[in-house]
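Enquirer: I'd like to ask some things about the structure below.
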2 protein chains.
Amino acid sequence: MTEATQTARSGRGERSRAETDRQIRTVARDLLVTRGRAAVTLRAIAREMGITAPALYRYYDSFEDLIRQVCEDICVDLAEELAGDLAAIPEDDTPGRVFAVCRGFRAWAVRHPREFTLVFASPDTRSEPAGGAACAGLNDQATDPFGRIFLTVAGQVLITRELAVPPDEQVPETLYGDLDEFRRSLIGTLSATGLNIPEEVFSLGVVYAMLRFWVRLYGQVALEVFGRFPFPVADPEPMFESMLNELAAEFGLTA
Amino acid sequence: MTEATQTARSGRGERSRAETDRQIRTVARDLLVTRGRAAVTLRAIAREMGITAPALYRYYDSFEDLIRQVCEDICVDLAEELAGDLAAIPEDDTPGRVFAVCRGFRAWAVRHPREFTLVFASPDTRSEPAGGAACAGLNDQATDPFGRIFLTVAGQVLITRELAVPPDEQVPETLYGDLDEFRRSLIGTLSATGLNIPEEVFSLGVVYAMLRFWVRLYGQVALEVFGRFPFPVADPEPMFESMLNELAAEFGLTA
DNA sequence: TACCGACGGTGAACACTGTTTACCAAGCAA
DNA sequence: TTGCTTGGTAAACAGTGTTCACCGTCGGTA
């Protein structure tokens, strides 16, 4: 019966609800961007919408819940922006696509520092409520659209180019378990998007290389956004470009 | 006259004031560690001290001001811990000292994730109030005790070992200005601690290498603390060790 | 047509928060 | 003794997340 009423309600009322739902998150992000993290508040959102605060509880269980969904929206937008950047690069120019997605990530981060901080520099909230290892599967970056963009580009690189990755023997043995599981998850999500990658090209060394790549990209961007370089940097972009070139050369991605 | 009263007051009353001052920051940090960032609040601190909230304004201009000083305390503690780790390593084992300080940094970060987040993953607060470039000098890591530890070890490495750093010609020209200024600042703070480093060994390539080293160390540690590796990691320590070995080999720090 | 229930909103309240203000007691200086 | 500083208090203000009782306005159904 409940299902019947739910499906039956999908007329005009449903669209209106989804619309205000979207508006809530839009207003929240607008406050975050223009007035900072401290200004995004249930009552401020409601005020901005000409509505009263408790009404928001018809849409979200709590303020934290709302923030979580805003984070997901941010990831979606970031992914869309990166997809737009990628659209300008020919399909077969895989190094160019790697460069584009890395540059796009940095450009987005410096253009949206508060969103970056909210999404990429908050301790993992999922670890607190549930039982840690139990919900660890949700930590998979393959689930969020931003991570998927990165992984897809990585997959394209793998099937079109010969990378300079270490042989499996050089990968620390203690990482075999985690890396292998990640590889399995990667193959799954990539084949879901139409990319079928031969098992032999997806070595542990490749997975390990992706990890190291991400560590350096993230470190560079985060330090720039947080202003935590060991010295004041006049223009961080050349530094980023230099790091990117170093990365590309090291992983055999030179054009 | 004001000076006279100030100096005259430095009897028993002054010590008591400094004591409660210390207690305020201690209680604040305790709340941060045990109950999270959201729980460190003016009133909670006062409550824990058996005191009333406005009394804290006799010691700090605002809540933000208090937080800033807590951050400095955290940096001091981190520096002391690293100094303790260093004390166990012989003076002439410079690679061992580098390893010790890097391992100590990671160990501290994973043991104190909320303190790490507060200090190392908050957007630069100093950039908002003042005029940006005007107060940029305060961004210098040489001023904070944690950065000083790192830089001192780096200086010891420089005067005792031959590093594998790129020649100045490979450093991007656009970075010359920033790097040179950082080098000047480094030489100053290092000579202040008794380390006199010959100008010629302190090349731009060396400074650039230090920057890249920090980017990778920070990225690794931050991603671990935030749980933002691209896949769930069972035991991050071997991954860190692997990164550290790679770093050491790459910069010519092998024992 | 009449009813009934859910949806989405309101207003009031509660327990918090940072911050300001007026006030006050103790201690020291002149 | 007088006067000023120091460090504390209580009360208040504006703002926060959250809950609760209430209440129109609809859609679906008897």
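Bear in mind that the values in this text are calculations on the coordinates, not laboratory data. From a predicted model like this one, the values you see are computed outputs, not experimental measurements. Every residue, glycine among them, receives a Cβ derived from its backbone with ideal geometry; neighbour counts consider all protein chains shown.
Enquirer: With a ≥ b ≥ c taken as the square roots of the eigenvalues of the C-alpha gyration tensor of segment A:34-127, please select rounded if a/c is under 1.5 and otherwise prolate if a/b is larger than b/c or oblate if it is not? Walk me through the intermediate numbers first.
Expert: On the way: a/c = 2.64, a/b = 2.44, b/c = 1.08.
Note, shape of segment A:34-127 comes out prolate.
Enquirer: Still on this structure, I have one more. In nm, to one decimal, how far is the modelled label at B:Arg161 from the one at B:Glu200, with both set 7 Å along Cα→Cβ?
Expert: It is 2.2 nm.
Enquirer: Against the longest alpha carbon principal axis of chain B, how many degrees, from 0 to 90 and to the nearest 10, is the axis of helix B:176-192 turned?
Expert: 70
Enquirer: Taking A:Thr174 in one copy and the same position in all the others, each labelled 7 Å out along Cα→Cβ, what are the pairwise distances from the first, in nm, shortest first?
Expert: So the label point of A:Thr174 gives 3.9 nm to the other copies.
Enquirer: Above 17 Å lies some portion of the pair distances; for segment A:147-209, what is it as a whole percent of all C-alpha pairs?
Expert: For segment A:147-209, the fraction of Cα-Cα distances above 17 Å is 35 percent.
Enquirer: Would you please give the FRET efficiency between A:Gln69 and B:Ser191, computed as 1/(1 + (r/R0)^6) with r the Cβ-Cβ distance and R0 = 45 Å, to the nearest 0.05? Kindly include the intermediate steps, with their values, before the conclusion.
Expert: Details: r = 53 Å, r/R0 = 1.19.
The formula returns an efficiency of 0.25 here.
Enquirer: Here's another thing I want to ask about it. Local charge sum around B:Tyr60 (other residues, Cβ-Cβ under 10 Å, Lys/Arg +1, Asp/Glu -1)? Mind dumping the intermediate values first?
Expert: On the way: positive: B:Arg25, B:Arg58, B:Arg68; negative: B:Asp21, B:Asp61, B:Glu64, B:Asp65.
Once positives and negatives cancel, what remains is -1.
Enquirer: Hey, what's the Kirkwood Rh for the protein assembly as shown if you take every pair of different alpha carbons, in angstrom? Walk me through the numbers on the way to the answer.
Expert: Working: mean 1/r = 0.0392 Å⁻¹.
So the Kirkwood estimate lands at 25.5 Å.
Enquirer: Please sort by residue number the GluC sites (Glu not before Pro) in segment B:56-125 whose DSSP state is loop and whose Cβ has at most 13 other Cβ atoms within 10 Å. Let's see the in-between values first.
Expert: Working: sites: B:Glu64, B:Glu72, B:Glu80, B:Glu81, B:Glu91, B:Glu115; in loops: B:Glu91.
Counting only loop positions with at most 13 other Cβ atoms within 10 Å, the GluC sites (Glu not before Pro) in segment B:56-125 are B:Glu91.
Enquirer: Report the Stokes-Einstein translational diffusion coefficient (µm² s⁻¹, integer) for chain A, Rh taken as the Kirkwood radius over Cα pairs, at 4 °C with viscosity 1.567 mPa s.
Expert: Details: Rh = 20.8 Å.
The estimated diffusion coefficient comes to 62 µm²/s.
Enquirer: As an exercise, use a Förster radius of 35 Å and the Cβ-Cβ distance of A:Arg35 and B:Ala234 to find the FRET efficiency, rounded to the nearest 0.05. Mind dumping the intermediate values first?
Expert: Working: r = 41 Å, r/R0 = 1.16.
According to the calculation, E is roughly 0.30.
Enquirer: Tell me, Kirkwood radius of segment B:20-87 from alpha-carbon pair distances, in Å? The partial results should precede the final answer.
Expert: Values: mean 1/r = 0.0797 Å⁻¹.
Kirkwood hydrodynamic radius for segment B:20-87: 12.5 Å.
Enquirer: What do you get for the angle between helix A:204-226 and the principal long axis of chain A? Use alpha-carbon atoms, 0 to 90 degrees, nearest ten.
Expert: The angle comes out at about 60 degrees.
Enquirer: Rounded to the nearest 500 deg cm²/dmol, what is the calculated helix-only ellipticity per residue at 222 nm for chain A, with -39500 (n - 2.57) per DSSP H run of length n ≥ 4? Mind dumping the intermediate values first?
Expert: Details: 10 runs with 160 residues, N = 255.
After summing the helix terms and dividing by residue count, I get -21000 deg cm²/dmol.
Enquirer: Mind checking which of B:Gln170, B:Thr160, B:Leu204 is farthest towards the positive end of segment B:148-212's charge dipole, using Cβ charges of +1 (Lys, Arg) and -1 (Asp, Glu) about the Cα centre?
Expert: B:Thr160
Enquirer: Note down the nm distance, to one decimal, between modelled labels 7 Å out along Cα→Cβ at B:Glu241 and at A:Ala107.
Expert: The modelled label-to-label distance comes out at 4.2 nm.
Enquirer: Can you give me the C-alpha center-to-center distance between segment B:187-231 and segment A:176-232, rounded to a whole angstrom?
Expert: One Cα centre to the other: 24 Å.
Enquirer: Distance in nm between label sites at B:Ala55 and B:Ala87, each 7 Å beyond Cα in the beta-carbon direction?
Expert: About 3.5 nm, to one decimal.
Enquirer: Please give me the summed charge of the neighbours of B:Ala44: other residues whose Cβ is under 11 Å from its Cβ, Lys and Arg +1, Asp and Glu -1.
Expert: Working: positive: B:Arg35, B:Arg43, B:Arg47; negative: B:Asp30, B:Glu48.
Combined, the nearby Lys, Arg, Asp and Glu give +1.
Enquirer: Kindly give the distances from B:Gly96 to its copy-mates, label point to label point, with each label point 7 Å from Cα along Cα→Cβ, as nm values to one decimal ordered shortest first.
Expert: Result, one decimal in nm: 5.4.
Enquirer: In A, who owns the beta-carbon nearest the axis carrying A over to B, and how many Å from it?
Expert: Here the nearest residue and distance are A:Gly219, 1.
Enquirer: Which log10 I(q)/I(0) values does segment A:201-255 give at q = 0.14, 0.19, 0.26, 0.30 Å⁻¹ under the Debye formula, counting every alpha carbon as one identical point scatterer?
Expert: The Debye formula, applied to the Cα set alone, gives -0.44, -0.72, -1.05, -1.21.
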